[in-house]
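Q: One structure coming up, written as structure tokens, with questions to follow.
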Amino acid sequence: MAIDHEKTSIHAVNTAITGSISKINFVQGGVIDEITFGKYVEGGTNITHSHKSTDTLVATGSVIDGPIVYFKSKGGNATLVHYNGNLV
């Protein structure tokens with residue numbers, strides 16, 4: 001079984017993150033302020049954005065699969081973020 005991420009971290013509400021995010025776990029639900037799907041290239045200028053969503057209510061136990069370039073929550077609880085490379 002292949003792992004689609006190298007690292008995992010917990011991010012507080014109202015914290016914006018950018019990077020190569022493979023998935024986000026909403027352990028206790030929340031509200032997404034903004035999320036942008038696409039491919040992130042660290043140090044590159046060729047970032048590909050495919051969809052952007054705002055003010056989305058997320059149920060407890062939900063998982064959003066990437067690739068995700070940018071994420072910020074504005075309500076609910078901390079999120080568990082799975083990613084490759086570094087987060088900014």
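The values are calculated or read from the model by the stated rules, or taken from the named source; none is laboratory data. The structure presented is a predicted model; accordingly, all values stated were derived computationally and were not measured. No Cβ is skipped: glycine too gets one built from the backbone with ideal geometry, and neighbour counts run over all protein chains shown. Each accessible area value is taken on the protein alone, full model and side chains, heavy atoms only, with ligands, DNA and RNA left out. Shrake-Rupley method; radii C 1.70, N 1.55, O 1.52, S 1.80 Å.
Q: From Val31, Val41, Val27, grab the single residue that is in contact (Cβ under 8 Å) with a residue 24 or more places away in the chain and open to solvent by less than 50 Å² (accessible area, probe 1.4 Å). Quick ask: steps written out before the conclusion?
A: Details: Val41 fails: in contact (Cβ under 8 Å) with a residue 24 or more places away in the chain; Val27 fails: open to solvent by less than 50 Å² (accessible area, probe 1.4 Å).
None of the others qualify; the one that does is Val31.
Q: Which one is nearest to Leu80 (Cα to Cα) among residues in the stretch 1-14 that are at pLDDT 80 or above and open to solvent by 50 Å² or more (accessible area, probe 1.4 Å)?
A: Of the stretch 1-14, the ones at pLDDT 80 or above are 6-14.
If we keep only those that are open to solvent by 50 Å² or more (accessible area, probe 1.4 Å) as well, we get 6-8, 10, 12, 14.
Numbers: Glu6: 13, Lys7: 10, Thr8: 7, Ile10: 5, Ala12: 9, Asn14: 14 Å.
Ranking the candidates gives Ile10 first.
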